Structure formats: structure tokens, C-alpha cells
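Shown next, in C-alpha cells, is the structure this report addresses.
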Amino acid sequence: MAKTFEDIVEIIKLGTPDWITQAETEHIRLNVHINGKGTPSYLSKINGIENDKQLDLRKKFLTTNRHAFVNLSRPVDKVFSAKGGGNIYNLNTEAKDKQLKASLSNVRHGKSLKAWIKDIQANKYYTDPAGLVFFEWKNRKTWPTMKSIKSIQNYKTDGRSPEWVLFKPYRKENDDAEYFRFVDDKSDYTIKKKGETYSEVESFSNPFKQTPAIINSNIINSDLTYTESPFEIIISLADHLLRTGTIKNLAEFLHGYPIFWRYLSDCPHCKGSGFIDGKTCKYCGGLGKNLNKDITDIINVDIPSSEDVKLAPDLAGYVTPDIASWQEMRTELDWLTGLMELTLWGSKMSKDVNNETATAAFLNVQPVNDQLNNFADAFQDMEKKMTDLLGTFLFTTYTGASINYGRRFLVEPPDVIWKKYETAKTNGSPKVSLDYLLLQFYQSEYANDIENLTTAQKAIKLEPFVHKTDEEINNLPINTTDKQAKFYFNEWFKTVPETDLLTKDVEQLRTEFKAYLSIIEINTEEDEKEIS
């Protein structure tokens, strides 16, 4: 509902609510761990254990947690490459459909809407969950922007679409007044506050007919006050990971170099007295000891008798660093990373230690798929809301789009799926199951190669007895024509032009294969007649 000037003034006077302050704190914390921003200032002294100098060294030589979160979030890429899904824009003319698709193909930064969500908004979903995607506009153009929670004084929402937004005040040069921007479903206002006096500077009609903003996250926190990041559940573990990592780094710098030691010998210049002609020896500084030994210096020691104390080889040596402590810290870092992975995805990655070329894979795929569905829900909803805002801006009448993300995430790598397929074949699984696993293998193998994937999918449908080897077919009680179809399929498939494999449907290709087989059959019959 549109607000009056008096309503807006009352909202401004309320100031910043506590939940905004809390959301800002969480944003800073998330940004430290996920983007590595402001990490040195985030570290605090461990009271009773370290001093200020040690804290300064930890800050100077720290390793951020960004690499850990890059790896943890990598499965989310599967949301944007998943098979299936599709969009319907419900526009009643081809011209409108073309116009909307053109706008969606380049919403900002030269990116399509889906690419913009993946490359830009997703990071804010993780690090600034209570911030906004906000559509700015000028004349007949509109574009999405990111409004951090740090720039927002207040907003009201019941769901993911705010009813109104009040931005934090700004000042103009040589002007002691404060200026507030307030946007609701009717207008975009600028309100001036000078002293205790409020006045409306300007207002513009809102062409979206709703507040053009979407909250970055769809996850409400347990207090039901603001939205939070999907990574919130592992942030305490991330604090532990950062702390342990910085302590390990400090230990390496302070104790990572072996220390050489040796028994001191007398200074050869002052003969151990520390003085030469009554003056302090300039070579040893008056200590009487040889502090700077040349590599050619030799210490002559008589061979000890049975009663003498044996000095060699204890004339000199190295104090080696405490490697065991480092190894324990590295073990702790690995354990923490594994625990974060398990907490976030419900499963851990594992690699076949007997196969160095094997790809690491999740031990249990189902909870990973469940979590990916949650990510897909969030991004699908964001794309739906952004599409609808853009459609409402462009057209007088717009009924809304239907946005559906694919849910075949293909979490498992190709070699894992192939092993499943071979095991299923050996166990005599039904053809439907084998077809599904073989299709999954090719979808994973050619996840980023649509042309080869299209060819492989058609080959599955075209090849006779696709799950049988030539040898197995030869031993089956089937007619000669069917055997020939199996034996000559690969030979024919190699002769088909790549353009035909991409453009022709399966039925057209099957007809051509049958024609090829008929020629083979005629040639075979003629050869048999000649032999007879």
C-alpha cells in the first residue's frame, strides 16, 4: 500500500531497527569467510594466550577462507547446468515475446538474466542475504543493481518482495541536510531532513506498480526477523578454520627455520681476552668469542682416549622445528573442512585411493541432490521475480512468466556413473535402468558440450542392442539381419556427417541406417553367389 508523506516521516523517525544491525553484522562475517574481505580486521586477540605482536603477525601472514568456500560452493554450479526445465513467458504476441527475450539476454554487464544471477547475485545470496536486488530505471530503460544491507535503513516485507524500502541518508556537498530515498509500489520519493524539519524534494511515479526489489535470500532465520545465507550453518566452523589456519601460519614463520648451533671458540684476533692493545676487540665486540666463522675455519681436536669425554659429533648441529604440531594443525584443518562439507551437503567427497586418476565423488548423492534442490528453488524464484519485474516495466499488460529450472544435477562424475553402469550390466539390470545410467554418463561427460551430447543421445536410441557387445550378440539366437545391424552400426555411424547428426531427428537417421544395411545385405548375397 502506498505511503503518505506523513507515513514516510514516521518511518524515518523510527531509525534503524535492531534486525538491520544484526543483518549487517552477519553480512560482514559472511563477507570475511566467503569473499575474504576485511579478514585482518575481523581477527581478534586470543586473550590470555597471545600478545599484540603475535596478533599483528597473524593478521599480516593470514590465509583467508575464500578457497575453502570456493570448493564448498562448487556443486552449486550444477544448478545452472542441470538438464530439464524450461521457461514460458505467456506473451500473446511474437513481437512482445521477442522483445522480452532480448531484454533477458542482456540485463546488465553483458550477461543474460540467468548468467547475472549465477555470476553476481548468487554471491550476494551467500554473503549479503538480507540485501536487495533493486531495479533502477530511467526513461524506458531499467537494470538490476545490488543494494547492500549496509545501504538500507529499513524495509517491510512479508516474503521476498518488500512493500517499501527506506535507504540510509546521504549528504550533498556544502549542505548540512540529510536526504532519504523511499520507494514503495506507487512512487520513488526523496525526503529532506534539516534539523527537525522534513520536506519532500521530489517524487517519481513507479512504473513497476510494485516495489522493484527482491531480497537476496529466501531463507528466514530462526528468529523470523531477517533472511540468512545458506552458508550460515557453517560460519562458526569457518571461524575455527580461520583461527587454526592463522596460528599454523604464525608457527611456520616463527619456528619454520632450523636453527644452527655450535660451541663457541675463542676469537682468533684477541685470543679470547676481548681486547687488543687495551681497546675493545672490533672483531668480536669484546666478547672474546669467534662469532663469524669462515667456512675454511677448522677446529682441531685430539682423538679422545678411553677416559676422555667424547665431544664429536656434538660440536655443532641444528635445532629442528616442531613438525608434529604442524602436522596436527594440518589434520585439524582437513577435519574442519570435511565437517563443513558434511554439514552443508549431508555427505563428504571420497576418492578411490587405489585409482590415482579417479575423480573424487560424494559418498551419498541423495542429500546433495536435496540441498541442490534448495539452491535451485532460491535461484528459480529470483529469476521468476526479476523476469516479472522486467515484463511489468516493458508492457502495459503482463500476466507473469513460468520459470522452471532443470533438476537433473549430475553430481557424480562420468567415471563414477560408468562404473555404476558396468556393475548394473553385470548384474543383469533392466534395460530401462541401463538406458538411464548410460544417458546420465553422457550428460555428465558432455555437460558443457551440447553438440557431442546430442550426438551421443541419438546414438543410444539408434544403436541396436546398445548394451550388448558384438560377441554377446553373435552368441544370441537371433536372425542374421539383426546381427548385421549390430555389427555394422559403428561403421555406418562414422560415415554420417556431423551436421546430419545434429540436425536430423532419430527417425530420419534410422531410415538412412536401414538403407545402409540393405546395401550391405545385397552385397553379402552377391558375394555368397560368387562363392557358390
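For the range 506-520, the criterion of a residue being hydroxyl-bearing (Ser, Thr, Tyr) and in contact with a Ser or Thr (Cβ under 9 Å, 6 or more places away or on another chain) is satisfied by at least one position.
Checking each residue in the range 392-405 for being surrounded by 17 or more Cβ atoms within 10 Å (Cβ to Cβ) and within 24 Å of Asn448 (Cα to Cα) picks out Ile403, Tyr405. Would you point out the residue of the range 396-424, among those that are of a type outside the set (Ser, Thr, Tyr) and in a loop (DSSP other than H, G, I, E, B), that is nearest to Asn87 (Cα to Cα)? Per the criteria, the residue is Ala401. A count restricted to the range 115-131 and to residues that are under 19 Å from Gly391 (Cα atoms) and surrounded by fewer than 19 Cβ atoms within 10 Å (Cβ to Cβ) stands at 1. Looking only at residues in the range 440-484 that are assigned to a loop (DSSP other than H, G, I, E, B) and β-branched (Val, Ile, Thr), which one is nearest to the chain's Cα centre (by Cα)? The extreme case among them is Val466. Residues in the range 144-181 that are over 34 Å from the mean Cα position of the chain (by Cα) and among the aromatic types (Phe, Trp, Tyr) were compared, and the one that is surrounded by the most Cβ atoms within 10 Å (Cβ to Cβ) is Phe180. Scanning the range 485-507 for residues that are part of a helix (DSSP H, G or I) and exposed (fewer than 11 other Cβ atoms within 10 Å of the Cβ) returns Glu491, Lys494, Thr495, Glu498, Thr499, Thr503, Glu507. When the range 92-129 is filtered for residues that are of a type in the set (D, E, K, R) and either free of Cβ contacts under 8 Å to residues at least 12 places away in the same chain or part of a helix (DSSP H, G or I) (or both), the ones remaining, listed by number, are Glu94, Lys96, Asp97, Lys98, Lys101, Lys111, Lys114, Lys118, Asp119, Lys124.
Every number here is computed from the coordinates shown, using simple stated rules; none is lab data. Keep in mind that what you see is a predicted model, and the values were worked out from it rather than measured. So basically every Cβ, Gly included, is an ideal-geometry build from the backbone, and we count neighbours across all protein chains shown.
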